[in-house]
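Inspection log for the structure reproduced underneath, given as structure tokens.
The values are calculated or read from the model by the stated rules, or taken from the named source; none is laboratory data. Given the structure is predicted, the values throughout are model-derived calculations rather than measurements. We place every Cβ from the backbone using ideal geometry, glycine too, and count neighbours over all the protein chains shown.
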Amino acid sequence: MLSLQISALWHWALWLGLLYLLFKVSVLFLIWRDLVTAFRPFPGPLCHWLYGNAREFLQVGKDLDLFYKWAQSHVYGFTLWLGNFYASLVITHPDYAKAVLARQDPKDDTAYRFIVPWIGEGLLVSSGQKWFQHRRLITPGFHYDVLKPYVSLMSNCTKIMLDKWERLVPDEKPVELFHHVSLMTLDTIMKCAFSYNSNCQTDSDNAYIKAVYELSYLVYHRFRHFIYHFDFIYYLSPEGFRNRRALKIAHEHTDKVIKQRKESLRNENEFDKISQRRHLDFLDILLCAKDENGRGLSDKDLRAEVDTFMFEGHDTTASGISWILYALAKHPEHQEKCREEIRGVLGNRDTVEWDDLGKIPHTTMCIKESLRLFPPVPGVARKLSKPITFCDGRSLPEGATVILSIYCINRSPGFWKDPEVFDPLRFSVENSADRHPHAFLPFAAGSRNCIGQNFAMNEMKVAVALILQKFQLLPDPENEPQKTPQIVLRSMNGIHLKLKRIEKDYGKEPSRAESIGDAV
């Protein structure tokens, strides 16, 4: 009798298991069917029936080349399949980009959820009313009156890096620049945004700096390895342990900085009182910001925005500066023209001032052309909050994922003649007048554009000006950089250049007394 009962239980368990399996298979089939239906109007490259296009991305560093290759055959965009249950429309045309960027769709959580444990739900990943409120509260932190004092701090941080390079020049060996530039931009962001002196350019054992670098690598590593997309598996993995340890260090540092500033502002919670003592910084804006009901940001939101600005404000700018230096090394005629322009503005000064930034047009055009060819953020992903219809009549439903390939859009042959050629004159006033407003998207566009783009452009101008004033940049033909999108655009083998010290042979800047005497 007992054996019959056990047999019956096994029978029912087997049937329940089969029914559950059938249910899961049915759900997966419906997901697959909906994806096929949604993306049918947008053909893409041939893909495997099981893996989709995923196997073509196994070789690290080929992502951008594949996207650009497929963009030549699919003018507006193409469907990318990663397996059978994840598909996205990769947009490669400015008209399609305009349609998406005119909306306020949230970031796609598939691509961005791995970074949330680090930066929280700050401006980068938040959406809806929370994003709108935070954007409005934070925007005053990027007013030009706030940005002005940062220029001298940027100059000082750049000079610390140049002093390090001085010691490397006698070796006459190529220097890997990205690491140096990244430390410089991290130093800059901490001094400008939080008035915090980390000495990160000279203190190689700084735990917070190591944690930031560790987190940047681990986020990219997790995204590329599908098995780590499952939280439980990642939690138990060695990488998961490293991630938790780095998060603890980073968050404790951020909390400490915020706590110290709160204490110092306890009796000075108004901008005018603070500004009488020192320049306002990003953290001042965050701590003093109030909505229409007089409420400020919570401690959790404060940390999220600080960590977001740290993440976005140093690595992206480091990428931009490093690739600019590489582009100028490859095109010495433009490098020399920039140097002459900078000499004419700075004279014998080794510090850039706010008013100098608008007096170097050719240098600015070279920076923009490098950002076109090597955008620090090669692409952004959105999840549609409602259906969208594009200019050619094709549509996507709510919930579909779109990836704006900024790398491909910036090289779209329909809008850029000889798109692979480095030609800064594309950005002259005359040549820019009639260009499609979404053909150049280094900082995205629309309401969710990069809030710190003016800060980034200022820092790039300062760094390039001071570097070119002191060094001649020469390429290393034996170590060409290999582009790879690791959150920001990096090089798998680093960015190696030769540095040649420039003697100050361009004359002494006249003193005020000498100028008056000459005038008399």
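Taking the stretch 34-48 as the search range and keeping residues that are hydrophobic (A, V, I, L, M, F, W, C) and more than 21 Å from residue 71 (Cβ to Cβ), which one is surrounded by the fewest Cβ atoms within 10 Å (Cβ to Cβ)?
In the first step, residues of the stretch 34-48 are kept if they are hydrophobic (A, V, I, L, M, F, W, C); the result is 35-36, 38-39, 42, 46-47.
Still in the running and more than 21 Å from residue 71 (Cβ to Cβ): 35-36.
On the way: 35: 20, 36: 13.
Taking the candidates together, the pick is 36.
Report every pair of residues separated by at least 6 positions or lying on different chains whose Cβ atoms are under 6 Å apart, first residue within the stretch 19-34 and under 19 Å from residue 398 (Cβ atoms), second surrounded by 10 or more Cβ atoms within 10 Å (Cβ to Cβ).
Final answer for the pair search is 31/85; 32/84.
If you check 310, 365, which single one turns out to be touching a residue at least 40 places away in the same chain (Cβ under 8 Å), within 23 Å of residue 407 (Cβ to Cβ) and out of contact with any His (no Cβ under 7 Å at 6 or more places or on another chain)? Lay out the reasoning, then the answer.
Values: 310 fails: within 23 Å of residue 407 (Cβ to Cβ).
Checking each option against the conditions leaves just 365.
Under 9 Å between Cβ atoms, at least 6 apart or on separate chains: pull out the pairs that start in the stretch 185-210 with a residue that is closer than 18 Å to residue 308 by Cα and end on any residue that is surrounded by fewer than 17 Cβ atoms within 10 Å (Cβ to Cβ) and among the charged types (D, E, K, R).
195/278; 208/252; 209/203
From the list 61, 52, pick out the single residue that is closer than 18 Å to residue 226 by Cα and modelled with pLDDT under 85.
Details: 52 fails: modelled with pLDDT under 85.
Residue meeting the stated conditions: 61.
Mind listing just one residue for me: the one in the stretch 134-160 that is free of Cβ contacts under 8 Å to residues at least 60 places away in the same chain and aliphatic (A, V, I, L, M) and, of those, surrounded by the fewest Cβ atoms within 10 Å (Cβ to Cβ)?
160
Could you grab me the full set of residues in the stretch 49-73 that are surrounded by 19 or more Cβ atoms within 10 Å (Cβ to Cβ) and more than 21 Å from the chain's Cα centre (by Cα)?
The answer is 52, 53, 70, 71.
Between a first residue in the stretch 401-426 that is without any contact (Cβ under 8 Å) to a residue 12 or more places away in the chain and buried (at least 20 other Cβ atoms within 10 Å of the Cβ) and a second residue that is outside any helix (DSSP H, G or I) and among the hydrophobic types (A, V, I, L, M, F, W, C), which pairs have beta carbons less than 6 Å apart while being 6 or more apart in sequence or on different chains?
Note: no pairs meet the criteria.
Of everything in the stretch 143-170, what is touching a helix residue (DSSP H, G or I) at 6+ places or on another chain (Cβ under 6 Å) and not aliphatic (A, V, I, L, M)? Give them in sequence order.
Of everything in the stretch 143-170, those that are touching a helix residue (DSSP H, G or I) at 6+ places or on another chain (Cβ under 6 Å) and not aliphatic (A, V, I, L, M) turn out to be 148, 150, 155, 157, 158.
Given the condition modelled with pLDDT under 95, farther than 17 Å from residue 425 by Cα, in contact with a Leu (Cβ under 9 Å, 6 or more places away or on another chain) and not in a loop (DSSP other than H, G, I, E, B), answer yes or no: does some residue in the stretch 276-284 qualify?
Within the stretch 276-284, one or more residues are modelled with pLDDT under 95, farther than 17 Å from residue 425 by Cα, in contact with a Leu (Cβ under 9 Å, 6 or more places away or on another chain) and not in a loop (DSSP other than H, G, I, E, B).
Could you go through the stretch 386-399 and let me know if any residue there is free of Cβ contacts under 8 Å to residues at least 60 places away in the same chain and either hydrophobic (A, V, I, L, M, F, W, C) or under 20 Å from residue 319 (Cα atoms) (or both).
no
Would you mind finding the one in 451, 487 that is touching a Phe, Trp or Tyr at 6+ places or on another chain (Cβ under 8 Å), among the aliphatic types (A, V, I, L, M), under 30 Å from residue 222 (Cα atoms) and at pLDDT 90 or above?
451
Return yes or no: is residue 198 touching a helix residue (DSSP H, G or I) at 6+ places or on another chain (Cβ under 7 Å), at pLDDT below 85 and surrounded by 15 or more Cβ atoms within 10 Å (Cβ to Cβ)?
yes
Which members of the stretch 496-512 meet the condition of being modelled with pLDDT of 50 or more and more than 9 Å from residue 175 (Cβ to Cβ)?
If the condition is that a residue be modelled with pLDDT of 50 or more and more than 9 Å from residue 175 (Cβ to Cβ), then 500, 501, 502, 503, 504, 505 are the ones that fit.
Name every residue in the stretch 111-160 that is within 26 Å of residue 248 (Cβ to Cβ) and either of a type in the set (S, T, N, Q) or more than 21 Å from the chain's Cα centre (by Cα) (or both), in order of residue number.
Across the stretch 111-160, the qualifying residues are 126, 130.
Could you grab me the full set of residues in the stretch 443-483 that are without any contact (Cβ under 8 Å) to a residue 60 or more places away in the chain and either in a helix (DSSP H, G or I) or β-branched (Val, Ile, Thr) (or both)?
Result: 453, single match.
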